[in-house]
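So the structure is just underneath, and the comments pick up after that.
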């Protein structure tokens with residue numbers, strides 16, 4: 001199976017993101033899209049805002065921090081909403 005799929009790997013354009021959320025187990029997870037990573041960090045925590053955490057993007061040189069969100073941040077104050 002790996003040999004047959006290897007032909008297509010170069011055509012796949014999947015960007016890999018990781019989240020670190022200390023209160024979650026496992027604390028580090030990988031995601032196949034930025035939207036999924038944002039959703040993990042912005043998970044609602046009742047009326048106190050979002051869960052919080054860090055979002056990293058996989059680059060040629062390793063991992064790059066994209067966003068750091070403090071626990072309890074209101075959803076309208078998420079950093080990616082400010083940049084839109």
Subset of segment 33-52 [out of contact with any helix residue (DSSP H, G or I) (no Cβ under 9 Å at 6 or more places or on another chain), surrounded by 12 or more Cβ atoms within 10 Å (Cβ to Cβ) and more than 18 Å from residue 22 (Cβ to Cβ)]: 33, 36
So, of the residues in segment 62-71 that are surrounded by fewer than 13 Cβ atoms within 10 Å (Cβ to Cβ) and over 13 Å from the mean Cα position of the chain (by Cα), which turns out to be modelled with the highest pLDDT? 70
Being in contact (Cβ under 8 Å) with a residue 40 or more places away in the chain, closer than 20 Å to residue 80 by Cβ and within 15 Å of the chain's Cα centre (by Cα): is that true of residue 15 here? yes
May I ask you to say which residue of 21, 55 is more than 16 Å from residue 80 (Cα to Cα), surrounded by 18 or more Cβ atoms within 10 Å (Cβ to Cβ) and either modelled with pLDDT under 90 or in contact with a strand residue (DSSP E or B) (Cβ under 9 Å, 6 or more places away or on another chain) (or both)? 21
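The values are calculated or read from the model by the stated rules, or taken from the named source; none is laboratory data. As the structure is a prediction and not an experimental result, all values here were calculated from the model. Every residue, glycine among them, receives a Cβ derived from its backbone with ideal geometry; neighbour counts consider all protein chains shown.
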